[in-house]
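Have a look at the structure below before the remarks.
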Amino acid sequence: MRTSSLTDTIAILTGSYTPDTGGDGSGIAALRLDPTTGQLSYDEVEPLPVSGASFLAAHPSLGVVYSTNETETGTVSAVTRDGGLSPLGDPMSSGGANPCHLTVHPGGEWLLTANYGSDTAPGTVAVHRLGADGRLLEPTDLVVHQGSGPVIGRQEGSHAHQVLVDPAGRFVLATDLGADAVVTYRLDTLTGALERIAVNPMRAGSGPRHLAFASGGDLVFSADELSSTVTCHRYDAADGTLTALSSVPATTAKDVVNQPGGIVASPCGRFVWVTNRGADTVAAFRLAGSTLEPLGEVSAGGRWPRGLALVDGHLLVANQHSGSLTVLRVLDDGTLTQPQPSVSAPSVVCALTL
């Protein structure tokens, strides 16, 4: 029988909704993945009770992780992970309600946060300066999104859902599920100010949730929550604009209300995977030119698969409603195996590879 040491395994952090945010999770927890067997196990590190830890992002050069605190008052937290999980300073205002995504600029000096907003507050994108040790410093900018869409109950106002930096490091893209748009910004890396460069309209009622870039950076894929589709866009790195090329259903399941969640593109640029909340599957697609060809879908191994992370030939699936983290092995042709045995992870919504 094969035995594994810690050096053989990969460190994983998970984020979950806590009791004060409608869940029963522990906040941020540490696990290990054995890449040979696909087995997950909990680390000996004690979980850190970060409120509403719905998304995590790692600093590019320091042992620091940042978490959204998804509440109406909206904060973000910095956490050190050297020898355990510990707060690094106090949480700071995220600049809006219900922060749901964040990312660290590649230079390691700025944290960008997408605030979903609420029924009465619009979506926003915030910037915080980061200290030399990774701690959160003063906010440097806050931009307010505007717009709406045709889907009643979901698109009465703007809802920023993701913020990420393009592969060239030139522009910042922010999806807006409520306004059916992806907004392109340029970040001034001296002042931390955002300059709006373009507003890229998406298909009406599609509700773009998350984006994933192809390896070459010339294509970007969107998980469209409200239309239950996956769309391939041409990305112009010169001006930060997107042009929709093709769209396919996110699932073949019938008679179910489905909402795509996480989306990941393969490092080779040939495959895309997306979680389906409702169908409770993970769907695989192959890129043929500018068209996504379905490769089939497999069980997510739980209910309401939200977060998706690719690590060493495996997909980690965060099943929010069943409270489980599942592993799927990716085969050479982009298809997926049936799920490995999962570990219990109450109200888990995201996973981060370290």
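Tabulated data for the structure shown
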read-out	value
Set 302, 269, 307, 261: member being buried (at least 18 other Cβ atoms within 10 Å of the Cβ), in contact with a Gly (Cβ under 8 Å, 6 or more places away or on another chain) and not in a strand (DSSP E or B)	302
Scan of region 103-114 for residues that are in a strand (DSSP E or B) and either at pLDDT below 95 or farther than 18 Å from residue 184 by Cβ (or both), ordered by number	104, 111
Count of residues meeting criterion [crowded, with 18+ Cβ neighbours inside 10 Å, assigned to a loop (DSSP other than H, G, I, E, B), among the small types (Gly, Ala, Ser) and in contact with a Leu (Cβ under 6 Å, 6 or more places away or on another chain)] in region 116-165	1
Complete set of residues in region 295-352 that are closer than 15 Å to residue 261 by Cβ and either of a type in the set (Val, Ile, Thr) or not assigned by TED's automatic domain parsing to the domain that holds residue 270 (or both)	317, 326, 348, 349
Of all residues making up region 330-345, the number that are hydrophobic (A, V, I, L, M, F, W, C) and in a loop (DSSP other than H, G, I, E, B)	2
Residue match in region 264-273 (condition: assigned by TED's automatic domain parsing to the domain that holds residue 344 and in contact with a Pro (Cβ under 8 Å, 6 or more places away or on another chain))	no
Selection from region 45-60 of residues that are aliphatic (A, V, I, L, M) and over 16 Å from residue 72 (Cα atoms)	45, 48, 56, 57, 58
Any hit, region 168-191, residues being touching a Lys or Arg at 6+ places or on another chain (Cβ under 9 Å), surrounded by fewer than 18 Cβ atoms within 10 Å (Cβ to Cβ), without any contact (Cβ under 8 Å) to a residue 12 or more places away in the chain and not in a loop (DSSP other than H, G, I, E, B)	no
Tabulated pairs, region 334-347, first within 12 Å of residue 301 (Cβ to Cβ), second among the aromatic types (Phe, Trp, Tyr) and crowded, with 17+ Cβ neighbours inside 10 Å, C-beta under 8 angstrom, 6+ apart or interchain	336/273
Entirely in region 11-98, the strands (runs of 3 or more DSSP E) that have 3 or more residues that are buried (at least 20 other Cβ atoms within 10 Å of the Cβ)	28-34, 64-69, 75-80
Residue 309 being free of Cβ contacts under 8 Å to residues at least 40 places away in the same chain and closer than 21 Å to residue 161 by Cβ	no
Residues being over 29 Å from residue 150 (Cα atoms) and either of a type in the set (D, E, K, R) or crowded, with 21+ Cβ neighbours inside 10 Å (or both) - total across region 214-232	2
Evaluation of residue 235 against (1) of a type in the set (Ser, Thr, Tyr); (2) loosely packed, with under 15 Cβ neighbours inside 10 Å; (3) in contact with a strand residue (DSSP E or B) (Cβ under 6 Å, 6 or more places away or on another chain) (one fails), failing number	(2)
Every residue from region 272-295 that is in a strand (DSSP E or B) and either within 19 Å of the chain's Cα centre (by Cα) or of a type in the set (Val, Ile, Thr) (or both)	272, 273, 274, 275, 276, 277, 281, 282, 283, 284, 285, 291
Among (1) at pLDDT 95 or above; (2) under 21 Å from residue 167 (Cα atoms); (3) not acidic (Asp, Glu), the one test that residue 294 misses	(2)
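The values are calculated or read from the model by the stated rules, or taken from the named source; none is laboratory data. This one's a predicted model, so the numbers in the text were calculated from it and none came from an experiment. Note: ideal-geometry Cβ built from the backbone for every residue, glycine included; neighbour counts use all protein chains shown.
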